[in-house]
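Asks: Structure in structure tokens, see below.
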Amino acid sequence: MAFSSTLSPPSCSCFSNNVDSISKKTFLFSQSASKLSFLNRSSISRLGCVSNGVRTRSLRGRVVASVADISLEKSVEAVSLPKGDMWSIHKFGGTCVGTSERIQKVAQIIVNDSSEGKVVVVSAMSKVTDMMYNLINKAQSRDDSYIAALDDVLEKHKLTAHELLEGNDLLKFISRLHDDIGNLKAMLRAIYIAGHATESFSDFVAGHGELWSAQILSAVVRKLGVDCNWMDTREVIIVNPTSANQVDPDLEVSERSLEEWYSKNPSKTIIATGFIASTPKKIPTTLKRDGSDFSAAIMGALFRARQVTIWTDVDGVYSADPRKVSEAVILNTLSYQEAWEMSYFGANVLHPRTIIPVMRYDIPIVIRNIFNLSAPGTIICRPTADENGDSQGLNSIVKGFATIDNLALVNVEGTGMAGVPGTASEIFGTVKDVGANVIMISQASSEHSVCFAVPENEVKAVADALESRFSQALGAGRLSKVEVIRNCSILAAVGQKMASTPGVSATLFNALAKANINIRAIAQGCSEYNITVVLKREDCIRALRAVHSRFYLSKTTIAMGIVGPGLIGATLLDQLRDQAAVLKEKFNIDLRVMGITGSKKMVLSDLGIDLSRWREELKEKAEEANMEKFTQHVHGNHFIPNTALVDCTADEKIASHYLDWLRKGIHVITPNKKANSGPLNQYLKLRALQRQSYTHYFYEATVGAGLPIISTLRGLLETGDKILRVEGIFSGTLSYIFNNFIEDRAFSEVVTEAKNAGYTEPDPRDDLSGMDVARKVIILARESGLRLELSDIQVDSLVPEPLKSSASAEEFLRRLPEFDQEIAKKRLDAEAAGEVLRYVGVVDAIQNKGFVKLRRYKKEHPFAQLSGSDNIIAFTTTRYKEEQPLIVRGPGAGAEVTAGGIFCDLLRLASYLGAPS
């Protein structure tokens, strides 16, 4: 007598023959399910259903063997199961066996494994389990298309079998496949009529994908010359359902079942079904979510295997989600607890319950990539004393980071909670009654408030239930509120060594603060395996990048937007291009230009603009300039935590955006003087915001181009010195003009020369008016503590009054010689007295004033010793007296030095964000 090797369903011929007799379409599925049982792979259970009191024992016209039939079989001598390191367990997921080619690759891996004994746990082919559940859903919805959908399942497996198998193996599998499909049709017909499927029936249907893939793979392995048996794990793995829609394996009973199975099917290579198991009553069930991984872990425990290898499509466990953190690295090792924590917080590792069976016997789990056999993968095991093999840096202390999105915080607060026993119990008892899942809990030691995180789709029911439960306390004022904070995410840092390492929390919070991210709640268990923080959802990816970069010492990456690709902006972009490789290699600094915008057009990039051809990209890929879109792209459309906008313009409208940029956590770097020399109240707001946050505002190039004027002044003040006077030649343009206004040269001639050399603005009146120097004076005055407006600065203009209204720069230069004589007389008077003319700006902190004027200096004075376009600034302080002030001197004009000053500010920002100083 021939027997089917797969579990048969209840006979359903009674449904097709007696439809009219089914009253109100009620069918006792639970009673039928309880009768689902089986003996072993060489026998068939007696399965039946009840209809009108008649039990049927036929299936599609075939006689099914009863229990007594077993006595007719030839007895087999019992073979004892050897256990221990001789066995290795492999688990292949649906992706690994998704096609014929992949099944062949899996078979080759099995053959190449040199282990003495091998157990291979396989999932259903890719998408098949979803197809099976879809069949159930269609049937219980009375959707006739379930028949065609079942035919699709049949054809998928027939096609695969024909591609891989031949001869008797092919005939045997096709016969079993058609039997199974026939049984499933009858089962689904019953579900269709009843309009309902019990969990047992659903599990029975869903588990067929594993049965088929295991049979196909075992035949392919035999075809390669390796003798093997396939195992229906419903005959071996016995589990007990739990109240949380999970199952617990009964290892003791399962071991006895395995011994019995192995005694009849001795083999050194076993292909076992994943995902499916049986209850103690021999009713088919599944291992629920990630069931195939769980099957492999259970098999590892039952065989006391050397290791369990989980084959997947990634190279191992990453330190963070690589889709969110491009610098994420593959971890060499994880402890069981670390893997447990990371998987709980959403990392693609293993389900926590998968780890339990192997932990019991210290069996390591290896995560490997079937598509990259050269990658060693990640080992999950019990740590040794000198665990990790990694360097003892921060990245061996904090192993990884994971996130959970779509959460809400519930905050229950009130003075009446303090010292009242049972309040927390009542809160969480109420939440339990709602059926919500509490993901994190935080309570202050004052007991004044309790907050916890729940999935956002459950928070309304939770809040309503709490308000109802505590309505009396809320009315009496013992509780002040039940507050819901939506749009939250959790970020968890995981690492077993955090428990014995001081400063981990400080490093984590410092990294978040520097990325300008606010923390809404914190939780850390006394085991210190994880530190959990709750953040705004929109900050989550930026936070993940910020902390990962800090702990893994990856490149300090700054997303940059360049505003104004004119002379200075273009020079800066070229400097960044030339220095980028050195910064990455030597200083771990990655400056990525994500966007460039002018007044009319802009170019954006998700990964960073190629600076070797930024000019071409600005022409070829330009779109209409839009500052709001530009800012959003640079700051929000990628995964880089630190953002800097560099304003290389002199535009007052651009400067008006600084306050908003800083509020959003965007660092600002600029040579634009308009913000700091504008209305005093706006300047004070900028500086106050800068001091209150970790967002930086650097503007060194506003005063001295590439010279350290602002930083020198701040250094004096921060070390307790007092500024008495700042006096200097602040304009490289006017320095050049008066350094060359000598002998018999005309003033107009020198001005024209300076313009042609590129030292002046397009309209030289912008330099000669003195307003540029006045803006530098007001910036230094405010930095020195003086609260002055630009209008308070007295300015002596060098533009003749009649020429201020000239229609163009050309007309101005054409008429300027008419006024040479007046300024020539001033030069001659100075020379007669042994002096020179210099155009200077002065901050008089004692008199609380500032001015800009043309002054005379003795030829031995430092200001008289300049050449070219050099700037010079003298600081007179309580430490540096008037007779010997602190002097800063150097080039103060030109695109190269100004762009260099901006570049220095960028590097200073990088050092503040964690790059080597």
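Asks: Exactly one condition in (1) buried (at least 18 other Cβ atoms within 10 Å of the Cβ); (2) out of contact with any Leu (no Cβ under 7 Å at 6 or more places or on another chain); (3) without any contact (Cβ under 8 Å) to a residue 60 or more places away in the chain is false for Arg256; which is it?
Replies: Here Arg256 meets the rest and fails (1).
Asks: Here is a further query. With the condition kept exactly as written, say whether any residue in the range 610-622 is assigned by the TED database to the domain that holds Leu909, of a type outside the set (Phe, Trp, Tyr) and on the phi > 0 side of the Ramachandran plot.
Replies: Among the residues of the range 610-622, not one is assigned by the TED database to the domain that holds Leu909, of a type outside the set (Phe, Trp, Tyr) and on the phi > 0 side of the Ramachandran plot, which makes the answer no.
Asks: Which of the residues that make up the range 770-803 are in a helix (DSSP H, G or I), among the small types (Gly, Ala, Ser) and free of Cβ contacts under 8 Å to residues at least 40 places away in the same chain?
Replies: Result: Ser791, single match.
Asks: Looking for something small (Gly, Ala, Ser), under 22 Å from Gly785 (Cα atoms) and part of a loop (DSSP other than H, G, I, E, B) - is there at least one such residue anywhere in the range 709-728?
Replies: There is at least one residue in the range 709-728 that is small (Gly, Ala, Ser), under 22 Å from Gly785 (Cα atoms) and part of a loop (DSSP other than H, G, I, E, B).
Asks: Then there's this: If Glu585 satisfies every condition in (1) under 17 Å from the mean Cα position of the chain (by Cα); (2) surrounded by fewer than 17 Cβ atoms within 10 Å (Cβ to Cβ) but one, which is the exception?
Replies: (1)
Asks: Go through the range 289-339 and give me each residue that's in a helix (DSSP H, G or I) and β-branched (Val, Ile, Thr).
Replies: Within the range 289-339, just Ile298 meets the criteria.
Asks: Out of curiosity, is Arg486 of a type in the set (Lys, Arg) and not in a helix (DSSP H, G or I)?
Replies: Answer is yes for this residue.
Asks: Output the number of the condition that Glu116 fails; it satisfies all remaining conditions of (1) under 30 Å from Phe201 (Cβ atoms); (2) in contact with a strand residue (DSSP E or B) (Cβ under 9 Å, 6 or more places away or on another chain); (3) surrounded by fewer than 18 Cβ atoms within 10 Å (Cβ to Cβ).
Replies: (1)
Asks: Take the residues in the range 603-637 that are within 21 Å of the chain's Cα centre (by Cα) and part of a loop (DSSP other than H, G, I, E, B); name whichever of them is nearest to Glu538 (Cα to Cα).
Replies: Among residues in the range 603-637 that are within 21 Å of the chain's Cα centre (by Cα) and part of a loop (DSSP other than H, G, I, E, B), the one nearest to Glu538 (Cα to Cα) is Asn637.
Asks: Let me ask something else. Could you check, for the range 489-509, whether at least one of its residues is surrounded by fewer than 13 Cβ atoms within 10 Å (Cβ to Cβ), out of contact with any helix residue (DSSP H, G or I) (no Cβ under 8 Å at 6 or more places or on another chain), among the aliphatic types (A, V, I, L, M) and under 30 Å from Leu913 (Cα atoms)?
Replies: Checked the range 489-509: at least one residue is surrounded by fewer than 13 Cβ atoms within 10 Å (Cβ to Cβ), out of contact with any helix residue (DSSP H, G or I) (no Cβ under 8 Å at 6 or more places or on another chain), among the aliphatic types (A, V, I, L, M) and under 30 Å from Leu913 (Cα atoms).
Asks: Limited to the range 281-312, what total is found for residues that are among the aromatic types (Phe, Trp, Tyr) and either over 16 Å from Thr95 (Cα atoms) or open to solvent by 20 Å² or more (accessible area, probe 1.4 Å) (or both)?
Replies: Residues meeting the conditions: 2.
Asks: So Asn756 clears everything in (1) over 30 Å from Gln682 (Cα atoms); (2) at pLDDT 95 or above except one condition, right? Which one?
Replies: Unmet for Asn756, out of (1) over 30 Å from Gln682 (Cα atoms); (2) at pLDDT 95 or above: (2).
Asks: Would you check if Gly435 is at pLDDT below 90, under 30 Å from Asp362 (Cβ atoms) and either under 30 Å from the mean Cα position of the chain (by Cα) or of a type in the set (A, V, I, L, M) (or both)?
Replies: Answer is no for this residue.
Asks: Report yes if some residue within the range 541-561 is part of a helix (DSSP H, G or I), open to solvent by less than 40 Å² (accessible area, probe 1.4 Å) and closer than 23 Å to Cys648 by Cα; otherwise report no.
Replies: No.
Asks: Something else about it: From (1) over 24 Å from Asp85 (Cβ atoms); (2) surrounded by fewer than 17 Cβ atoms within 10 Å (Cβ to Cβ); (3) at pLDDT 90 or above, pick out the condition that doesn't hold for Phe401.
Replies: For Phe401, the exception is condition (2).
Asks: Only residues in the range 588-601 that are assigned by the TED database to the domain that holds Val634 and surrounded by fewer than 23 Cβ atoms within 10 Å (Cβ to Cβ) count as the first member; pair them with residues that are in a strand (DSSP E or B) and of a type in the set (D, E, K, R), Cβ under 7 angstrom, at least 6 apart or cross-chain, and list the lot.
Replies: Lys601/Glu623; Lys601/Glu624
Asks: Being of a type in the set (Asp, Glu), more than 25 Å from Thr286 (Cα to Cα) and surrounded by fewer than 17 Cβ atoms within 10 Å (Cβ to Cβ) is the filter here; which residues of the range 144-177 pass it?
Replies: Asp144, Glu163, Glu166
Asks: State whether one or more residues within the range 751-758 are part of a loop (DSSP other than H, G, I, E, B) and under 15 Å from Leu837 (Cβ atoms).
Replies: So far as the range 751-758 goes, no, none of its residues is part of a loop (DSSP other than H, G, I, E, B) and under 15 Å from Leu837 (Cβ atoms).
Asks: I need the full set of residues from the range 726-748 which are in contact (Cβ under 8 Å) with a residue 24 or more places away in the chain and charged (D, E, K, R), in order please.
Replies: The one that is in contact (Cβ under 8 Å) with a residue 24 or more places away in the chain and charged (D, E, K, R): Glu727.
Asks: Right, something else. Which numbered condition in (1) surrounded by fewer than 19 Cβ atoms within 10 Å (Cβ to Cβ); (2) within 29 Å of the chain's Cα centre (by Cα) is the only one that Lys653 fails?
Replies: (2)
Asks: Show the residue pairs that are 6+ apart or on different chains and have beta-carbon atoms under 6 Å apart, the first residue being within the range 91-109 and closer than 10 Å to Trp311 by Cβ, the second being aromatic (Phe, Trp, Tyr).
Replies: Phe92/Trp311; Cys96/Trp311; Val106/Phe92
Asks: Assess whether Ile109 counts as being over 14 Å from Ser213 (Cα atoms), surrounded by fewer than 21 Cβ atoms within 10 Å (Cβ to Cβ) and among the aliphatic types (A, V, I, L, M).
Replies: yes
Asks: For the range 879-897, indicate whether the set of residues that are among the aromatic types (Phe, Trp, Tyr) and surrounded by fewer than 17 Cβ atoms within 10 Å (Cβ to Cβ) is non-empty.
Replies: Looking for residues that are among the aromatic types (Phe, Trp, Tyr) and surrounded by fewer than 17 Cβ atoms within 10 Å (Cβ to Cβ), one finds none in the range 879-897, hence no.
Asks: For the condition out of contact with any His (no Cβ under 7 Å at 6 or more places or on another chain), open to solvent by 30 Å² or more (accessible area, probe 1.4 Å) and not acidic (Asp, Glu), what is the one hit in Arg687, Arg615?
Replies: Going through Arg687, Arg615 in turn, just one is out of contact with any His (no Cβ under 7 Å at 6 or more places or on another chain), open to solvent by 30 Å² or more (accessible area, probe 1.4 Å) and not acidic (Asp, Glu): Arg615.
Asks: Moving on to the next point. Kindly check whether there is at least one residue in the range 185-205 that is closer than 19 Å to Ala296 by Cβ and among the aliphatic types (A, V, I, L, M).
Replies: Looking for residues that are closer than 19 Å to Ala296 by Cβ and among the aliphatic types (A, V, I, L, M), one finds none in the range 185-205, hence no.
Asks: Check Ala219 against each of (1) open to solvent by 10 Å² or more (accessible area, probe 1.4 Å); (2) part of a helix (DSSP H, G or I); (3) of a type in the set (Gly, Ala, Ser) and name the one condition it does not meet.
Replies: (1)
Asks: Scan the range 413-426 residue by residue and report those that are open to solvent by less than 30 Å² (accessible area, probe 1.4 Å) and either assigned to a loop (DSSP other than H, G, I, E, B) or at pLDDT 90 or above (or both).
Replies: Across the range 413-426, the qualifying residue is only Gly414.
Asks: Checking His667 against (1) farther than 20 Å from Met627 by Cα; (2) buried (at least 23 other Cβ atoms within 10 Å of the Cβ); (3) not basic (Lys, Arg): exactly one of these is not met. Which one?
Replies: (1)
The values are calculated or read from the model by the stated rules, or taken from the named source; none is laboratory data. Remember, it's a predicted structure, so these values are computed and weren't measured experimentally. Don't worry about glycine lacking a Cβ; one is built from the backbone with ideal geometry, like all the others, and counts go over all protein chains shown. The accessibility values were calculated without ligands, DNA or RNA, using every heavy atom of the protein model including side chains. Shrake-Rupley method; radii C 1.70, N 1.55, O 1.52, S 1.80 Å.
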